[in-house]
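**Student:** I have a structure here, written as structure tokens, and I will follow up with some questions on it.
The values are calculated or read from the model by the stated rules, or taken from the named source; none is laboratory data. Being a predicted model, the structure only gives us computed values, none of them experimental. When we count neighbours, we look across all protein chains shown, and the Cβ atoms used for this are built from the backbone with ideal geometry, even at glycine. Heavy atoms of the whole protein, side chains included, go into the accessibility calculation; ligands, DNA and RNA do not. Shrake-Rupley method; radii C 1.70, N 1.55, O 1.52, S 1.80 Å.
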Amino acid sequence: MADTPNTPDEAEMRARWGGFAFTAVNAKQAKKVIARYPEGRQRSAVMPLLDLAQRQVGEETQTQGWLPVPVIEYVAEMLDMPFMRAYEVATFYTMYNLAPVGRYHVQVCGTTPCMLRGSDDVMAACKNKGMVKGKTTPDGMFTLTEVECMGNCATAPMFQINDDNYEDLTYDSASAILEALAKGEQPKPGSQIAGRQSSEPEGGPTVLKAMVDANHDYRKEY
């Protein structure tokens, strides 16, 4: 399971975020999102609006972003819903951070497929870069979290860093990705095996190979 967040002092949190409001750009986007739902069903927009709010907090803090309680209250009021209903959503989904995180939120999958394929090596690469599970590095660069299945079992092991998934990791490739991010570079997301696309077999397709380059009709060959 995901690590329990270490939320900051409430008085400090309210002093910093009590006046939160969407920027003009985000307010316009929020109206567009709410308009997708029928009259009286605007509460259905709570998930995208919480995400939008988290991203704005991230922009203001130069991190991946998180959801202070006053920010959740702001979204709930905008949607005319009880705070607790919005808070239930924020606490249920791990896509929402309930405590400050670093510029890069490194979420390592530790579920069985990833574990069998070497997630311990991925975690070791993170720890050897100074990360501690459930904590943010002193320079504010990385936050390390161990999470449950993230749906990339065919390309395990993997970790998600902010909005990008990095798959088919080894100790060395995970270390290289972290080093690149620390330097301000943007490593290639997806599989780290050269030439592998999506979740196809390593080394390329093993069946229907003629379909790789053109729409081939196999029916005459049956």
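**Student:** Just to be sure, is residue 103 open to solvent by 30 Å² or more (accessible area, probe 1.4 Å) and in contact with a strand residue (DSSP E or B) (Cβ under 9 Å, 6 or more places away or on another chain)?
**Tutor:** Values: open to solvent by 30 Å² or more (accessible area, probe 1.4 Å): yes; in contact with a strand residue (DSSP E or B) (Cβ under 9 Å, 6 or more places away or on another chain): yes.
Yes.
**Student:** Look at segment 204-222 and say how many of its residues are aliphatic (A, V, I, L, M) and assigned to a loop (DSSP other than H, G, I, E, B).
**Tutor:** Going through segment 204-222 one residue at a time, the tally reaches 4.
**Student:** One residue is enough: does segment 125-143 have a residue meeting the conditions open to solvent by 40 Å² or more (accessible area, probe 1.4 Å), in a loop (DSSP other than H, G, I, E, B), closer than 13 Å to residue 174 by Cα and not basic (Lys, Arg)?
**Tutor:** The answer is yes; a qualifying residue exists.
**Student:** Here's something else I'd like to know. Going by what's in this entry, would residue 58 be described as closer than 19 Å to residue 98 by Cβ, in contact with an Asp or Glu (Cβ under 8 Å, 6 or more places away or on another chain) and either in a loop (DSSP other than H, G, I, E, B) or open to solvent by less than 40 Å² (accessible area, probe 1.4 Å) (or both)?
**Tutor:** Details: closer than 19 Å to residue 98 by Cβ: yes; in contact with an Asp or Glu (Cβ under 8 Å, 6 or more places away or on another chain): no; either in a loop (DSSP other than H, G, I, E, B) or open to solvent by less than 40 Å² (accessible area, probe 1.4 Å) (or both): yes.
So residue 58 does not fit the description; no.
**Student:** Out of the residues in segment 158-186 that are under 16 Å from the mean Cα position of the chain (by Cα) and in a loop (DSSP other than H, G, I, E, B), which is nearest to residue 117 (Cα to Cα)?
**Tutor:** 158
**Student:** So, one more: Determine the pairs where a residue that is closer than 11 Å to residue 105 by Cβ, located within segment 131-156, has a partner that is part of a helix (DSSP H, G or I) and open to solvent by 30 Å² or more (accessible area, probe 1.4 Å) with Cβ atoms under 7 Å apart, the partner being 6 or more residues away or on another chain.
**Tutor:** Matching pairs, first to second residue: 141/182.
**Student:** Looking only at segment 70-84, which residues are in contact with a Leu (Cβ under 9 Å, 6 or more places away or on another chain) and assigned to a helix (DSSP H, G or I)?
**Tutor:** 71, 72, 75, 78
**Student:** Considering segment 171-195 alone, what residues qualify as being within 15 Å of residue 131 (Cβ to Cβ), in contact (Cβ under 8 Å) with a residue 24 or more places away in the chain and open to solvent by less than 60 Å² (accessible area, probe 1.4 Å)?
**Tutor:** Within segment 171-195, 174, 175, 178, 181, 182 meet the criteria.
**Student:** Within segment 95-106, does at least one residue satisfy the condition of being part of a helix (DSSP H, G or I) and polar (S, T, N, Q)?
**Tutor:** no
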